[in-house]
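What follows is a short report on a single structure.
The values are calculated or read from the model by the stated rules, or taken from the named source; none is laboratory data. All figures in this text were calculated on a predicted structure; none of them were measured in a lab. Cβ atoms come from the backbone with ideal geometry, glycine included; neighbour counts cover every protein chain shown.
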Amino acid sequence: MFDVKTSSSALLESGAHAREVTQASTEHSYTPIRTLSASHRGQILQHLLDLSAHDRYLRFGYPASDAQVQRYVDGLDFTRDEVFGIHGSQLELVAVAHLAFDAAEDKPKAAEFGVSVSGHCRGQRIGARLFERAVMHASNEGVQTMYIHALSENVAMLKIARKAGATVQRWGSESEAYLTLPVANLNSRLCAVWEDQIGEMDYRIKAQAHQFQTFLGQLQTWGTLPEAEPLESTE
């Protein structure tokens, strides 16, 4: 006879062990990045609203209110700009990068980079990975210069820019970093295609894993339902 409670518990333990092994083996490895679209506005908004007050201040350069964050997300132009994201195991966005191209009739010559990372995902080079992905995309689009406008106290962001070779200029509480981009070549274009494919594959795997965990949770719930009371004898 199939014991739902015992079987679901074993599956849950197995799934938990698999997640621990996966997290341990990928902690310092390649981080897949997904290109986001207008259909992700809600997730982007939730990610930004979930940032701590200080992290939101560093991201926008001022203490943005919920309404101001909402207006920023509503104003994202996905046909002109590029937005990249990294999804967590529950399919939530744990990091978002916005590459905003200068408005131009022909191809833009410059683009601004902005990024936010959830607090629990710090120290995993996620911001650096998103910066590298943005550099690759901007270069392939013919952009010559990528710049970052940040608060001088945003040490992590400015460190990423300096490490990439950017020139950083400071004006009191604010700083700007300018990075001259390499000319695109066949390798950079093929790498971008590969990045996109890996990002989509990673999301599909996480989505399937999430569905499986939901299914296991349902099994566990069914297995812990109280047993029916025996019918009283009418004799």
>> So, in region 77-96, exactly how many residues are more than 22 Å from Val183 (Cα to Cα) and buried (at least 19 other Cβ atoms within 10 Å of the Cβ)?
In response: 7
>> Consider region 29-46. How many of its residues are hydroxyl-bearing (Ser, Thr, Tyr) and assigned to a helix (DSSP H, G or I)?
In response: 1
>> Here is a list: Gly165, Gly114. Which entry is within 23 Å of Pro32 (Cβ to Cβ) and not aliphatic (A, V, I, L, M)?
In response: Gly114
>> Here is a list: Gln144, Gln169. Which entry is of a type outside the set (Phe, Trp, Tyr), surrounded by fewer than 18 Cβ atoms within 10 Å (Cβ to Cβ), without any contact (Cβ under 8 Å) to a residue 24 or more places away in the chain and at negative phi?
In response: Gln169
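Quick grid of which residues meet (1) surrounded by fewer than 15 Cβ atoms within 10 Å (Cβ to Cβ); (2) at pLDDT 95 or above; (3) over 28 Å from Phe60 (Cα atoms):
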site: Met136; (1), (2), (3): no, yes, no
site: Asn140; (1), (2), (3): no, yes, no
site: Ala150; (1), (2), (3): no, yes, no
site: Glu174; (1), (2), (3): yes, yes, no
site: Leu181; (1), (2), (3): no, yes, no
site: Gln197; (1), (2), (3): yes, no, yes
site: Tyr203; (1), (2), (3): no, no, no
site: Ala207; (1), (2), (3): yes, no, yes
site: His210; (1), (2), (3): no, no, yes
> Of the conditions (1) closer than 18 Å to Ile33 by Cβ; (2) within 14 Å of the chain's Cα centre (by Cα); (3) surrounded by fewer than 12 Cβ atoms within 10 Å (Cβ to Cβ), Leu130 fails just one. Which one is it?
Replying inline: (3)
> So which residues in region 159-195 are among the charged types (D, E, K, R) and in a helix (DSSP H, G or I), if there are any at all?
Replying inline: Lys159, Arg162, Lys163, Arg189, Glu195
> Within the set of pairs 6 or more residues apart or between chains, which connect a residue that is at negative phi and surrounded by fewer than 16 Cβ atoms within 10 Å (Cβ to Cβ) inside region 36-60 to a residue that is small (Gly, Ala, Ser) and part of a helix (DSSP H, G or I) with Cβ atoms less than 8 Å apart?
Replying inline: Ser52/Gly119
> Mind checking which residues of region 147-158 are outside any helix (DSSP H, G or I), without any contact (Cβ under 8 Å) to a residue 40 or more places away in the chain and not hydroxyl-bearing (Ser, Thr, Tyr)?
Replying inline: Ile148
> Looking at Ala111, is it over 21 Å from Asp55 (Cβ atoms) and at pLDDT 95 or above?
Replying inline: yes
